[in-house]
């Protein structure tokens with residue numbers, strides 16, 4: 001469903017607007033975790049659900065409104081966050097954006113973050129890199145970068161463990 005909607009938004013030349021709408025959808029769904037169950041609850045009158053749906057989508061493009069209404073009609077509102085996540089992965093892939101988790105022992109400075117981002121973007125052949133930074137003192141030093149399917153471990157802890165294995 002996410003791929004079909006992505007292609008439809010691309011065809012209609014509304015991809016950026018739809019992407020922004022879906023990021024707002026994610027935020028709304030995260031702030032209201034019972035919203036999906038509300039829409040799928042058969043005990044709640046359809047008119048009430050449709051009023052909430054209209055309020056929920058009032059700021060979105062017509063294309064996004066139509067998509068969310070289709071999700072609602074197919075009773076998939078509880079899956080909306082998952083669909084948004086899949087859409088974002090497709091969007092990032094096509095725009096050569098890499099989202100990675102960066103784990104360090106101490107917070108990165110702006111200069112370190114910028115240099116790491118530039119080097120990592122070049123390595124991944126990405127136009128853009130988005131880092132989600134996590135501080136874990138157990139790392140000791142260095143950096144661990146995790147993407148969806150790869151791990152680059154340049155931590156001091158990893159290198160010490162590797163050295164220990166070589167010695168023993």
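Observations
- Filtered residues of the range 53-87 (kept if more than 15 Å from residue 14 (Cβ to Cβ), in contact with a helix residue (DSSP H, G or I) (Cβ under 7 Å, 6 or more places away or on another chain) and in contact (Cβ under 8 Å) with a residue 40 or more places away in the chain): 71, 77, 78, 80, 81, 83, 84, 86
- Among residues of the range 117-164, those that are touching a strand residue (DSSP E or B) at 6+ places or on another chain (Cβ under 6 Å) and part of a loop (DSSP other than H, G, I, E, B), counted: 3
- Test for residue 101: is it touching a strand residue (DSSP E or B) at 6+ places or on another chain (Cβ under 6 Å) and not assigned by TED's automatic domain parsing to the domain that holds residue 6: yes
- When residues of the range 86-104 are limited to those that are surrounded by 13 or more Cβ atoms within 10 Å (Cβ to Cβ) and part of a helix (DSSP H, G or I), the one modelled with the lowest pLDDT: 92
- Looking at 60, 67, just one residue is crowded, with 16+ Cβ neighbours inside 10 Å and either at pLDDT below 95 or assigned to a loop (DSSP other than H, G, I, E, B) (or both), and that residue is 60.
The values are calculated or read from the model by the stated rules, or taken from the named source; none is laboratory data. Since this is a predicted model, take the numbers as computed values, not measurements. Here the Cβ is made from the backbone with ideal geometry for all residues, glycine too, and neighbour counts use every protein chain on show.
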